[in-house]
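Report on the following structure.
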Amino acid sequence: MPAFFIRLFCFQKELNMTAPFTNIHALIIDMDGVLWHGEQAIAGLNDFFQVIREKQIPFVLATNNASLTNQQYIKKLARMGVSIEAKEILTSGMATALYLAQHNDPAKTRVFVLGEDGAIQPLEEQGFILTELFELNTEDTPGLGADIVVCGKDESISWDKLSTATLNLRAGAEFIATNGDTTLPTELGLIQGNGAILAALQAATDCTPKVIGKPEPIIYQQALAVLNSSAENTIAIGDRLDTDILGAVRTGMRSLMVLTGASTEEDIEQIDYAPTWIMDDLRAVTEALRNME
């Protein structure tokens, strides 16, 4: 067994057993902290995609970051020298829009969005009615407010946006979060994530959001459907224990954690679950896939 498998953890975190790196028919891959930091590609990115193409392993890039559309992610990867198709991307914004369309009639459902293009566009494509700042249910304007407030990463967050979301939630709107990540890996280090916005709204409304992204199984289940794969023969690759890895555990999937993002090996000592494998970076993952039987 190659040396890069020695960093294996079972759920009991015992190091005296080795899980075979086999029966891997598909991959669900996180992006931030796994493929890049901000606009900087992580070393080995191009070789990684070359190997999974050569091995003909289908994959979905499933990210909790709902700020970009799938087309924007395609262009970002193209700038890094990687070509992918739209069907190979699933953002938490896309997953949120699909989930809401499965549970509501978009043509009759009004949604206020805290978020960027990656959260807004999928909702528009599903046919939801998007509301504007301070469109609220009042005695003079009944039915003008939002039925649902969707909160995703928003770099143009403002007092007025938070106020509109708060007023809609306090009036009874459903609270949906694309993801709950408290931090986001960048070239400069970890910065605040969507969870920071959620915390402000929860403090103001006493409302708890339903989270669509990882660690909830919803986005993983949607990715498995796209791949036409099963949890048993698919592995999730990520950098965060509390989202990527926990989400895989909740979905019944094996998982591989790389050490180029938010979580460290030491963090595992504080929790009661663990990834199936831990590897340093994409180069180690690529080598493992290249040698996979």
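The values are calculated or read from the model by the stated rules, or taken from the named source; none is laboratory data. What you see is a predicted model, and the numbers here were worked out from it, not measured in a lab. Positions of Cβ are backbone-derived with ideal geometry, glycine not excepted, and every protein chain shown enters the neighbour counts.
Residues checked against (1) of a type in the set (A, V, I, L, M); (2) under 24 Å from the mean Cα position of the chain (by Cα); (3) at pLDDT 90 or above:
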{"position": "Met1", "(1), (2), (3)": "yes, no, no"}
{"position": "Glu14", "(1), (2), (3)": "no, no, no"}
{"position": "Gly33", "(1), (2), (3)": "no, yes, yes"}
{"position": "Glu39", "(1), (2), (3)": "no, yes, yes"}
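Does Gly261 satisfy being in contact with a Gly (Cβ under 8 Å, 6 or more places away or on another chain), under 23 Å from Val150 (Cβ atoms) and assigned to a loop (DSSP other than H, G, I, E, B)? Criteria not met by Gly261.
Note on the stretch 148-179: among residues that are buried (at least 24 other Cβ atoms within 10 Å of the Cβ) and not aliphatic (A, V, I, L, M), the one that is farthest from Thr96 (Cα to Cα) is Asn168. Within the set Thr166, Thr183, Thr141, the sole residue that is outside the structural domain of Ile29 (by TED's automatic domain parsing), farther than 24 Å from Ile29 by Cα and touching a residue at least 12 places away in the same chain (Cβ under 8 Å) turns out to be Thr166.
Checking Pro275 against (1) at pLDDT 95 or above; (2) exposed (fewer than 15 other Cβ atoms within 10 Å of the Cβ); (3) in a loop (DSSP other than H, G, I, E, B); (4) not acidic (Asp, Glu), only one condition comes out false. Which one? The single condition Pro275 does not satisfy is (2).
Scanning the stretch 233-258 for residues that are β-branched (Val, Ile, Thr) and part of a strand (DSSP E or B) yields Thr234, Ile235, Ile237, Val258. Across the stretch 196-232, the number of residues qualifying as out of contact with any Pro (no Cβ under 9 Å at 6 or more places or on another chain) and outside any helix (DSSP H, G or I) comes to 13.
If you go through the stretch 243-259 and pick out every residue that is surrounded by fewer than 19 Cβ atoms within 10 Å (Cβ to Cβ) and within 15 Å of the chain's Cα centre (by Cα), you end up with 1.
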